[in-house]
Amino acid sequence: MHKRKLADSFNYAIEGFMYVLKTQRNMRLHFLLGIIALLLGLYFNFSKIEIILLLITVCFVFMAEMFNTVVEIVIDLITDEFHPLARIIKDISAGAVLIAAINAIFVAYLLFITVIPSNTLQLGIDYIRERPLHITFISLIVVLTMVVFLKVKLGRGKPLRGGMPSGHSAVAFSLWTMTLFLSDSILIMGVVLVLALLIAHSRIRPGYHTFKEVIAGSVLGISITSVIFYILSL
């Protein structure tokens with residue numbers, strides 16, 4: 001009798017995991033990326049400690065996403081009406097998943113940067129030559145961090161839409177600034193500049209941002225990236 005109950009518990013647990021996997025698109029993405037990361041870890045012959053660290057990181061993301069789903073279901077079960085506290089609870093729960101995902105990105109970067117050949121990492125960005133990719137990664141992280149900090153500080157807009165400054169413009173012009181440091185091709189510089197301008201324009205036209213917010217984001221991306229590349233390239 002005890003064995004049957006134990007088996008039922010395992011079945012219920014598996015069904016719960018499968019439910020989240022079937023109904024949550026983010027969970028399916030996390031699951032796919034987690035499997036790929038583990039397979040790559042085996043392929044590159046990671047040590048036991050590295051595999052354990054990778055497993056813990058992947059499981060941490062899975063658990064965060066599952067708890068986030070539980071919180072959303074419980075809130076929807078309790079009330080069908082909009083309530084500010086219910087929204088805050090859901091936002092906090094989603095924020096926990098975001099922290100877990102950011103942590104996974106850092107762990108994966110630190111583990112794989114030493115084993116993946118540099119030419120593989122530079123596939124698709126062949127204009128980045130003879131420079132460490134660490135500077136590019138650091139620049140994007142700092143730019144995004146400053147965008148989030150300013151939006152929180154000023155209390156305007158949402159993380160991915162509206163508010164001061166424009167995050168899309170900051171990232172777009174940060175990437176363009178990188179090409180100025182990493183590429184000798186005027187054509188590539190021009191193409192990336194045009195793309196950055198199109199992205200900035202796309203934030204103004206639908207009314208997501210004002211012209212001032214787009215300019216602020218662009219200046220932020222250019223200035224931070226320039227300072228980081230100048231300091232780290234010395």
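Quick notes on this structure:
- Scanning region 165-184 turns up no residue that is part of a helix (DSSP H, G or I), of a type in the set (D, E, K, R) and either at pLDDT 85 or above or more than 17 Å from Phe211 (Cα to Cα) (or both).
- Scanning region 195-208 for residues that are within 12 Å of Pro165 (Cβ to Cβ) and either exposed (fewer than 15 other Cβ atoms within 10 Å of the Cβ) or modelled with pLDDT of 80 or more (or both) yields one hit, Ala200.
- Filter result for Ala64 (assigned by TED's automatic domain parsing to the domain that holds Met18, touching a Phe, Trp or Tyr at 6+ places or on another chain (Cβ under 7 Å) and in contact (Cβ under 8 Å) with a residue 24 or more places away in the chain): no
- Residue within region 99-108 that is under 23 Å from Leu140 (Cα atoms) and outside any helix (DSSP H, G or I) present: no
- In region 89-145, the residue that is surrounded by the most Cβ atoms within 10 Å (Cβ to Cβ) out of those that are among the charged types (D, E, K, R) and at pLDDT 65 or above is Lys90.
- Any hit, region 72-87, residues being in the same structural domain as Leu40 (by TED's automatic domain parsing), basic (Lys, Arg) and surrounded by 14 or more Cβ atoms within 10 Å (Cβ to Cβ): no
The values are calculated or read from the model by the stated rules, or taken from the named source; none is laboratory data. Only a predicted model underlies this, so the values are computations on that prediction, with no experimental measurement involved. Reconstructed Cβ throughout: ideal geometry from the backbone, glycine too, with neighbour counts over all protein chains shown.
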